[in-house]
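The values are calculated or read from the model by the stated rules, or taken from the named source; none is laboratory data. Owing to the predicted nature of the structure, the values given are computational and were not obtained by experimental measurement. When we count neighbours, we look across all protein chains shown, and the Cβ atoms used for this are built from the backbone with ideal geometry, even at glycine.
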Amino acid sequence: MASSKKKKPAKAVKVKKVAAKKIVAKKPIKKNAIHKIAEKAALRVIPARVIPKKVRISPEFQPLLAKLQRRRSEITGQVNHLEQDLRDDMADNQNTPGDSADHGSGELNQHLSVTLMENDRVELERIERAILRIESGAYGECETCEKTIPMPRLKAIPWATRCITCQSRVEGA
């Protein structure tokens, strides 16, 4: 005889949806806003990694890996220099009396530094991704069509993840 016990339905779980905030300057940027943007940009900088174990890398990709690692070091140095300049500029603007043109010029320089740091952060992410693809053995393969990316393209743009045909389609869309 089969038992006639009823199973209790699973409890529903409420999930909150959180929208991502975009940083868009519609008004003149204040010093505090620039400082916050700079901190966010600085937090996203990817530090140089240490490869924990010996990975066998294809000999044809060795020069590209070295090029990527050199560029990563250069960008990291640039970001550190920009951060220090930004801190110095902010301290100078807060402590130095001057007219509104002087302060406006200082704010423009700070905004430029933040923009450069953001661009460097994007390039660092691409470089890190390329290094991971080299280490995993997926480097040189188009992530869209899975065909081999030609070596001249990889030499020109070492962080390329798509062949020219697929990249053209993405940019044209």
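Taken over the stretch 143-173, the criterion of being exposed (fewer than 11 other Cβ atoms within 10 Å of the Cβ) and part of a loop (DSSP other than H, G, I, E, B) is satisfied by GLU146, ALA173. Only one entry in LEU64, LEU82, LEU86 is in the same structural domain as GLU135 (by TED's automatic domain parsing), within 30 Å of SER113 (Cα to Cα) and modelled with pLDDT of 85 or more, namely LEU64. Could you pull out the residue among GLU123, GLU135, GLU128 that is under 17 Å from GLN62 (Cβ atoms) and outside any loop (DSSP other than H, G, I, E, B)? Criteria check complete, one pass: GLU135.
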